[in-house]
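In what follows, a structure is listed as structure tokens, so that the remarks can point back to it.
The values are calculated or read from the model by the stated rules, or taken from the named source; none is laboratory data. Only a predicted model underlies this, so the values are computations on that prediction, with no experimental measurement involved. Every residue, glycine as well, gets a Cβ built from its backbone with ideal geometry; the counts of neighbours run over all protein chains shown.
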Amino acid sequence: MQETRHQFREDLKELERQVLGGLDLVIGQIDRAMEAVSYQDVELAAIVVADDDRIDGRYLEVHQGILSLLARQSPVATDLRIVAALLHCIRCIERMGDQCVNIAKLVPLSGHDAPKDKEILDSIERMGQLARSQVSQARDALQGRNVELAQDLVRQDQEINRLNRGIFKRAVEIGDDVELREWGMFMILVARCLERIGDNTVDIAEQVVFVCTGLFREMADASTPPETARST
Amino acid sequence: MSTQSSERERMTTSREPDISEGETPDLQALGDIPQGTGHTVQVENLHAYYGANHAIKNINLTFRANEVTAIIGPSGCGKSTMVRCINRMHEEIPYARAEGRVLLDDEDVYSPKVDVTAVRRAIGMVFQRPNPFPTMSIFDNVASGLRLAGVRGENMRERVHRSLRAVGLWGEVKNRLNSPGIGLSGGQQQRLCIARTIAVEPEVILMDEPCSALDPVATLKVEELIDELKARYTIVIVTHNMQQAARVANSTVFMLDGEVVEHAPTNDVFTNPRDERTERYVTGKFG
Amino acid sequence: MEAGSLSVAQQRLRGGPGARRRRAVNRVVEVLCTFAAFLAVAVLLLVVISVLIKGLPALNLDFFTKNPAPFGMTGGGIANSIVGSAILVLLATAMSVPVGIMVAIYTSEFAPTKVSEGIRFALDILNGVPTIVTGVFIFGLLVVGHQQSGWAGAIALAIVELPIVARSAQEVLDLVPRSLHEAGLALGLRRWRIVLRIVLPTALGGLITGAVLGVARVAGETAPLLFASSIFSNLGITTNPAQAMPNIPVTIFTLSESPSPQDHAQAWAAALVLIAFVLILSVIARTFHERSRRRIRG
């Protein structure tokens, strides 16, 4: 026997699928952007920039779908929270996509065959891996409605934050080297983008907790100074 | 009879009231609200039966003063029955009875010392289908609760005028107060019934799906009126339309199989209900 | 056109095999029913027209204003019977209508269902009691050992009229929607006030219809009056119900038994008056019925 409001449930599931798919797109973009940074691959960077259209398109689709669902179906209770969360998440996805584009745009600027600093490069690569895994974990938390997984993201985000600070200090250290210092500045910007991606995954985690518990709590993320961060 | 016709004469030849009457409800017409006159209804251990059928099981609820409380739930859950126990209409049905206490402020309406018709004057009721008296004019309809209870006097026309102003009907009917009550549209008839109810100056108003027989525009007008009315009366509204409950009620009660499952502020019931059954009902997983 | 040359849509819309036969059967049934309806109306017309034809010649002013002529003489009228019938019917109605309406109110408003059903059943039986039996009953009760009287006749007629008025009133009161009762109760009104000021006015048209139908029926009842009010001491106008009162049905009966053809003519004329009275009352009843239905449906 068909469940009541069958069409509504289908529509809601489809919206969620699109959001999860958007997260997959972001993961792909992060991978390519990081590869472009590591190997100074300008062509790959151009592809990342072009592919952001897909993420923007996804954003519009989901946004429209949500408006339509709100107008036609008057969702309440859990359904309403899911819809609100999906709207928030697709915005985070769009922003993460933009951060990937920013990273990609920095690749040609940082120059071909420029001398690189191993310490910074390793940290950047590590940050990229963390960002990727955080997005993946956020995706799993959302799909599985997993509160523990969501709360764990905060811990991982602190790692990204630490790496970001580290890169900054190292870039200052190599600042005396005329050949390295421009490259160092660009790497600071790349690190900043990755750190922003991390913040967005924490936002998504907050939404997952909201859907599951009906309560909205700010989680300590990299942008909140440790002293004033509320305990979760 | 002669008092009626002379009242009507004075009605039609009198000066028009100088406040402009729009179509919106004007509760100010009823005068200022005396301080601290909210009335609470408290239901304690209520059971209700139709013959051997135990329809309402041990209900405990408080209806706060000057608030609108909505009662929602699937068909047959007992919401209408419970509400009819509050003004003792339930016992008018053959073989039906109720047990328990219903306190209006501090007085139990089921107490043997209490006169049942006085209970119903203090606790008014508006029904699903508008039911103005067909043989009476608009004026007589509004006055009927007073006249047929033996109230006489000069200020009958004033009271009718005030009630019609309060429900926002005055502008629409002031030139045809003598025409039959049933000549109005559905929405107007329902507001006429509300005017008839408030003419008796109740403390609580019960509404049993008051908008189900009305078109969407009339429904919104009645909802607007309910919102105004709560400043003066405690209102309980039974509705099977969840959006309506969400729009008008301060708090919502969800009933299932003769019992109260959840009673919470409306916002909570519709964004984050505590009980799984409430969640399933409001999201339409059953109904 | 042969069947094979029609398109599928045309074939379907033509109704398929047997359609022509079904249409023919339908026509036949229609014709038969129409004929039956006309027959019924024709019978009524026949009765009315023959009474009209036979009775009209004897109808003149004297007929209405003069008492019967002494034996053997021609002329005269049925003035005494008209007055007598009017008084008998009035008395009977004055007795049966209030009681009938109150019985109806009781069964509709106050009685438990079982009692109400019992009363309805009893009234239906009473309605079916042959009027001659009623006549014999009244004869045994009020006439034997005393004398015939208008009261006896009126009471007998009231017994016949009561179930008609009561049943009709019951039907009409049941039609008044429960929502009006509820509205009245919810306003805090007492039951008797609700009945008096809300239910009865709403049902008024129907109640009047019932009363009028009762009068129409009873105006022509002969059997009870044969027992209770058929032997008259004098042939003048009597207004005292303690005595037997001349009345139209009995007069028709006695006039038609007489050998004189003028008396027969007068019998037809009296029948015409009676039928005219019944027809007029039926029209009035109809009008009130319509009015009442419109009111209740709101």
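I'm trying to understand the selection: among the residues of the stretch A:169-208, which are surrounded by fewer than 17 Cβ atoms within 10 Å (Cβ to Cβ) and either in contact with a strand residue (DSSP E or B) (Cβ under 8 Å, 6 or more places away or on another chain) or under 17 Å from A:ASP157 (Cα atoms) (or both)? The answer is A:ARG192, and nothing else.
Residue selection: B:VAL261 fails the criterion of being at pLDDT 95 or above, buried (at least 23 other Cβ atoms within 10 Å of the Cβ) and in contact with an Asp or Glu (Cβ under 8 Å, 6 or more places away or on another chain). Taking every residue in the stretch B:258-287 that is within 11 Å of chain A (Cβ to nearest Cβ) and pairing it with any residue that is surrounded by 19 or more Cβ atoms within 10 Å (Cβ to Cβ) and among the aromatic types (Phe, Trp, Tyr), at least 6 positions away or on another chain, the pairs with Cβ-Cβ distances below 7 Å are B:VAL269/B:PHE254; B:THR278/B:PHE254; B:TYR281/B:PHE254; B:VAL282/B:PHE270; B:GLY287/B:TYR281. C:ALA211: touching a helix residue (DSSP H, G or I) at 6+ places or on another chain (Cβ under 9 Å) and at pLDDT 90 or above, yes or no? When the stated conditions are applied, C:ALA211 passes them.
In the stretch C:176-223, what residues are under 28 Å from B:ARG88 (Cα atoms) and either in a loop (DSSP other than H, G, I, E, B) or more than 12 Å from every other protein chain (Cβ to nearest Cβ) (or both)? Don't jump to the end; show me each part of the working.
Filtering the stretch C:176-223 down to residues under 28 Å from B:ARG88 (Cα atoms) leaves C:176-203.
Within the stretch C:176-223, C:VAL176, C:PRO177, C:LEU187, C:GLY188, C:LEU189, C:ARG190 meet the criteria.
Please determine whether any residue of the stretch C:153-167 is over 17 Å from C:ASN127 (Cα atoms) and either within 14 Å of chain B (Cβ to nearest Cβ) or surrounded by 22 or more Cβ atoms within 10 Å (Cβ to Cβ) (or both). The answer is yes, given that some residue of the stretch C:153-167 is over 17 Å from C:ASN127 (Cα atoms) and either within 14 Å of chain B (Cβ to nearest Cβ) or surrounded by 22 or more Cβ atoms within 10 Å (Cβ to Cβ) (or both). Looking at A:VAL76, is it at pLDDT below 95 and either buried (at least 21 other Cβ atoms within 10 Å of the Cβ) or within 25 Å of B:THR278 (Cβ to Cβ) (or both)? Spelling it out, A:VAL76 is indeed at pLDDT below 95 and either buried (at least 21 other Cβ atoms within 10 Å of the Cβ) or within 25 Å of B:THR278 (Cβ to Cβ) (or both).
When B:PRO216 is tested against (1) crowded, with 22+ Cβ neighbours inside 10 Å; (2) away from chain C (no Cβ under 12 Å); (3) more than 22 Å from B:LEU104 (Cα to Cα), exactly one condition is not met: (1). Taken as a whole, the condition of being within 14 Å of another protein chain (Cβ to nearest Cβ), over 30 Å from C:ARG286 (Cβ atoms), outside any helix (DSSP H, G or I) and not hydrophobic (A, V, I, L, M, F, W, C) does not apply to C:GLY145.
The set of residues from the stretch B:113-159 being facing chain C (nearest Cβ under 9 Å), over 16 Å from the mean Cα position of the chain (by Cα), under 25 Å from B:ASN175 (Cβ atoms) and not hydrophobic (A, V, I, L, M, F, W, C) comprises B:PRO134, B:THR135, B:SER144, B:ARG147. Could you check, for the stretch B:115-124, whether at least one of its residues is out of contact with any Lys or Arg (no Cβ under 9 Å at 6 or more places or on another chain) and either closer than 23 Å to B:TYR50 by Cβ or free of Cβ contacts under 8 Å to residues at least 24 places away in the same chain (or both)? There is at least one residue in the stretch B:115-124 that is out of contact with any Lys or Arg (no Cβ under 9 Å at 6 or more places or on another chain) and either closer than 23 Å to B:TYR50 by Cβ or free of Cβ contacts under 8 Å to residues at least 24 places away in the same chain (or both).
The single condition among (1) farther than 30 Å from B:ARG147 by Cβ; (2) crowded, with 23+ Cβ neighbours inside 10 Å; (3) within 14 Å of chain B (Cβ to nearest Cβ) that C:VAL172 does not meet is (1).
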